[in-house]
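Engineer: Have a look at this one.
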Amino acid sequence: MEIRSKSLSELDNQTLFELEQYLENARNNFLGYPVSKDFDYSEINHFLKYPINNLGDPFENCTYKVQTHELEREVVGFFAKLFRANPKDYWGYVTNGGSESNLYGLYLARELYPKAMVYYSESTHYSVRKNIHLLNIPSIVIRSQENGEIDYTDFENTVKMNRHKPAIVLTTFGTTMKEAKDDVSKIRDILKNLAIQDSYIHCDAALSGSYGAFMEPRLPFDFKDGADSISISGHKFIGSPIPCGVIITKRSNRDRISKGISYTGSLDTTITGSRNGHCPLFLWYTLKKLGVDGLKNRYLHSLEVAEYCEKRLKDIGIMAWRNPNSITVVFPKIADEIKLKWQLATERDISHVICMPNVTKEQIDLFINDIENCIENPEELLEFGF
């Protein structure tokens, strides 16, 4: 039902109506980006009337009281347990998204080891390059394997040439295009075998971290496997109307860089001062409804649909494939008509479908039907004009 505002003109109401129609259509037709759209926060919409600002450290007292720090601590605790952190040595907060979470991990590592070299693979998320530039840390790009996973041999050889420097390693648990997963335990073993005394591993687990604990066989990525900090996105697998993320790290490391701020009566331990206090509420609400079992079932559903999508593509002659435990189906890029309709992310010669929890087999059938009935326009023959 169309809702019209009495405070706006007819033209402005029409603008809002058209915007909603546009957004609804765009939301209903995308398969290429890791965003869950099956959330429903209508039961807690009334909290939008409050100026919730999670100013300062969520684990410290603050003079500003219109906040959701208690719920934020529960969200952090949920993921700290899921990522097998030391229950007596963990800390974190809800960020604006994966880019800020990665920035925090790198910032913390740089403060601990200011003379370090950063290593990251060519498949790493684009935010990492930007964050390294912002932090002004020297870095080296490591080759990726064909499946998108970091090349461990190239990593070892590169670190060997710089073994006199502390090492900061950015691993990825679910790369952007292929959902490849770097093995944190292998990275940690390489650093140990090279006798690197000072090192820090940040794991960017934006998408796959939310269900990494449920994979069979299990893939090493968490604190027990050797990570020093882990980041995930909240709006991806869990779902949120506002982009958000979570960073989990060791409290002992955070303590080494924290500074007190008299204005807020709290510690300056986060990247931004004012922070969105509604997102911790959204995440808390969903995690309370789902629990660990519900989160696992979301993953199992996505995995089943991904297997179905891969098979259906292969059945019509498209060479589709997936990395182990992945909900991302990779295939050669296809007609622009299909790419634009289904909003498929494409990089060089590949595209992908990400089977988020809201994706159904019926949607996959519609997608396959579009491919089968698409007649690509032949490329125009170019001729010299003389």
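The values are calculated or read from the model by the stated rules, or taken from the named source; none is laboratory data. What you are looking at is a predicted structure, and each value in this text was computed from that prediction instead of being measured. Cβ atoms come from the backbone with ideal geometry, glycine included; neighbour counts cover every protein chain shown.
Engineer: Before we move on, is Arg251 charged (D, E, K, R), touching an Asp or Glu at 6+ places or on another chain (Cβ under 8 Å) and either in contact (Cβ under 8 Å) with a residue 12 or more places away in the chain or not assigned by TED's automatic domain parsing to the domain that holds Ser101 (or both)? Give the derivation first.
Structural biologist: Working: charged (D, E, K, R): yes; touching an Asp or Glu at 6+ places or on another chain (Cβ under 8 Å): yes; either in contact (Cβ under 8 Å) with a residue 12 or more places away in the chain or not assigned by TED's automatic domain parsing to the domain that holds Ser101 (or both): yes.
Taking the combined requirement at face value, the residue satisfies it.
Engineer: Would you call Phe59 assigned by TED's automatic domain parsing to the domain that holds Gly105 and either among the acidic types (Asp, Glu) or out of contact with any Lys or Arg (no Cβ under 8 Å at 6 or more places or on another chain) (or both)?
Structural biologist: Details: assigned by TED's automatic domain parsing to the domain that holds Gly105: yes; either among the acidic types (Asp, Glu) or out of contact with any Lys or Arg (no Cβ under 8 Å at 6 or more places or on another chain) (or both): no.
Answer is no for this residue.
Engineer: Which condition number does Asp349 fail, the rest of (1) surrounded by fewer than 19 Cβ atoms within 10 Å (Cβ to Cβ); (2) at positive phi being met?
Structural biologist: For Asp349, the failing item is (2).
Engineer: Only one of (1) outside the structural domain of Gly105 (by TED's automatic domain parsing); (2) not in a helix (DSSP H, G or I) fails for Pro243. Which number is that?
Structural biologist: All conditions pass for Pro243, except number (1).
Engineer: Can we say Lys224 is within 21 Å of His164 (Cα to Cα) and in the same structural domain as Phe282 (by TED's automatic domain parsing)?
Structural biologist: Numbers: within 21 Å of His164 (Cα to Cα): no; in the same structural domain as Phe282 (by TED's automatic domain parsing): yes.
It is false that Lys224 is within 21 Å of His164 (Cα to Cα) and in the same structural domain as Phe282 (by TED's automatic domain parsing).
Engineer: Now for a separate question. Does Leu82 meet the test of being among the hydrophobic types (A, V, I, L, M, F, W, C), modelled with pLDDT of 95 or more and more than 30 Å from Thr360 (Cβ to Cβ)?
Structural biologist: no
Engineer: Another question about this same structure. So for segment 249-256 (the condition being part of a loop (DSSP other than H, G, I, E, B) and either under 29 Å from Glu216 (Cβ atoms) or at pLDDT below 95 (or both)), does at least one residue qualify? Explain how you work it out, then say what you get.
Structural biologist: As a first pass, look at segment 249-256 and keep what is part of a loop (DSSP other than H, G, I, E, B): 250, 256.
Remaining after also requiring either under 29 Å from Glu216 (Cβ atoms) or at pLDDT below 95 (or both): 250, 256.
Yes: segment 249-256 contains one or more residues that are part of a loop (DSSP other than H, G, I, E, B) and either under 29 Å from Glu216 (Cβ atoms) or at pLDDT below 95 (or both).
Engineer: In segment 124-140, which residue that is within 17 Å of Asp182 (Cβ to Cβ) and surrounded by fewer than 16 Cβ atoms within 10 Å (Cβ to Cβ) is nearest to the chain's Cα centre (by Cα)?
Structural biologist: The selected residue is Tyr126.
Engineer: Still on this structure, I have one more. Of everything in segment 48-89 that's assigned to a helix (DSSP H, G or I), touching a Phe, Trp or Tyr at 6+ places or on another chain (Cβ under 7 Å) and touching a residue at least 40 places away in the same chain (Cβ under 8 Å), which residue is farthest from Thr249 (Cα to Cα)? Walk me through it before giving the result.
Structural biologist: First, pick out the residues of segment 48-89 that are assigned to a helix (DSSP H, G or I): 48-49, 69-82.
With touching a Phe, Trp or Tyr at 6+ places or on another chain (Cβ under 7 Å) added as a condition, the list becomes 71-76, 80.
Checking which are touching a residue at least 40 places away in the same chain (Cβ under 8 Å) leaves us with 71-72, 74-76, 80.
On the way: Leu71: 18, Glu72: 15, Glu74: 15, Val75: 13, Val76: 10, Ala80: 8 Å.
Once the filter is applied, the top-ranked residue is Leu71.
Engineer: Could you pull out the residue among Arg110, Arg129 that is outside any loop (DSSP other than H, G, I, E, B) and at pLDDT 95 or above?
Structural biologist: Details: Arg129 fails: at pLDDT 95 or above.
Result of the check over Arg110, Arg129: Arg110.
Engineer: Find all pairs meeting these conditions: Cβ atoms under 6 angstrom apart; at least six residues apart or on different chains; first residue within segment 216-236 and aliphatic (A, V, I, L, M); second residue modelled with pLDDT of 95 or more and part of a strand (DSSP E or B).
Structural biologist: Final answer for the pair search is Leu219/Lys181; Ala227/Ile201; Ala227/Cys203; Ile230/Cys203; Ile230/Ile248; Ile232/Val246.
Engineer: Identify, please: which residue in segment 141-155 is touching a residue at least 12 places away in the same chain (Cβ under 8 Å) and either more than 13 Å from Ser123 (Cβ to Cβ) or among the hydroxyl-bearing types (Ser, Thr, Tyr) (or both) and is, among those, surrounded by the fewest Cβ atoms within 10 Å (Cβ to Cβ)? Walk me through it before giving the result.
Structural biologist: Initial filter on segment 141-155 (touching a residue at least 12 places away in the same chain (Cβ under 8 Å)): 141-145, 147-152, 154-155.
Within this subset, residues satisfying the condition of being either more than 13 Å from Ser123 (Cβ to Cβ) or among the hydroxyl-bearing types (Ser, Thr, Tyr) (or both) are 144, 152.
Details: Ser144: 20, Tyr152: 16.
Among those residues, the one meeting the criterion is Tyr152.
Engineer: Which residue is surrounded by the most Cβ atoms within 10 Å (Cβ to Cβ), if the candidates are limited to segment 28-47 and must be outside any helix (DSSP H, G or I) and among the aromatic types (Phe, Trp, Tyr)?
Structural biologist: Filtering segment 28-47 down to residues outside any helix (DSSP H, G or I) leaves 29-41.
Now restrict to residues that are among the aromatic types (Phe, Trp, Tyr): 30, 33, 39, 41.
On the way: Phe30: 18, Tyr33: 13, Phe39: 16, Tyr41: 16.
Taking the candidates together, the pick is Phe30.
Engineer: Follow-up. Say we look at segment 60-92 and pick out the residues that are buried (at least 18 other Cβ atoms within 10 Å of the Cβ) and touching a His at 6+ places or on another chain (Cβ under 9 Å); which of these is farthest from Gly245 (Cα to Cα)?
Structural biologist: Cys62
Engineer: Residues to consider are Tyr285, Tyr200; find the one that is over 21 Å from Thr328 (Cα atoms) and in a strand (DSSP E or B). Break it down stepwise before answering.
Structural biologist: On the way: Tyr285 fails: in a strand (DSSP E or B).
None of the other options fit; the residue is Tyr200.
Engineer: Considering only segment 154-209, state which residues are polar (S, T, N, Q) and under 26 Å from the mean Cα position of the chain (by Cα).
Structural biologist: Taking segment 154-209 first, the residues polar (S, T, N, Q) are 157-158, 162, 171-172, 175-176, 185, 193, 197, 199, 208.
Residues satisfying the conditions are Thr171, Thr172, Thr175, Thr176, Ser185, Ser199, Ser208.
Engineer: Now a separate question. Among the residues of segment 163-180, is any aromatic (Phe, Trp, Tyr), within 27 Å of Ala345 (Cα to Cα) and in a helix (DSSP H, G or I)?
Structural biologist: Taking segment 163-180 as the starting set, the residues that turn out to be aromatic (Phe, Trp, Tyr) are 173.
The next check asks that each one be within 27 Å of Ala345 (Cα to Cα); those that pass are 173.
This time we only want the ones that are in a helix (DSSP H, G or I), so: none.
No, because not a single residue in segment 163-180 is aromatic (Phe, Trp, Tyr), within 27 Å of Ala345 (Cα to Cα) and in a helix (DSSP H, G or I).
Engineer: Still on this structure, please answer the following. Just name the residue that is farthest from Gly245 (Cα to Cα) out of those in segment 2-27 that are among the charged types (D, E, K, R) and part of a loop (DSSP other than H, G, I, E, B). Walk me through it before giving the result.
Structural biologist: First, the residues of segment 2-27 that are among the charged types (D, E, K, R): 2, 4, 6, 10, 12, 18, 20, 24, 27.
Applying the additional criterion that residues be part of a loop (DSSP other than H, G, I, E, B) yields 2, 4, 6.
Values: Glu2: 32, Arg4: 33, Lys6: 36 Å.
Within segment 2-27, the match that is farthest from Gly245 (Cα to Cα) is Lys6.
Engineer: Just one of (1) within 28 Å of Val292 (Cβ to Cβ); (2) not in a loop (DSSP other than H, G, I, E, B) trips up Asp189, so point out which.
Structural biologist: Among (1) within 28 Å of Val292 (Cβ to Cβ); (2) not in a loop (DSSP other than H, G, I, E, B), the lone unmet condition for Asp189 is (1).
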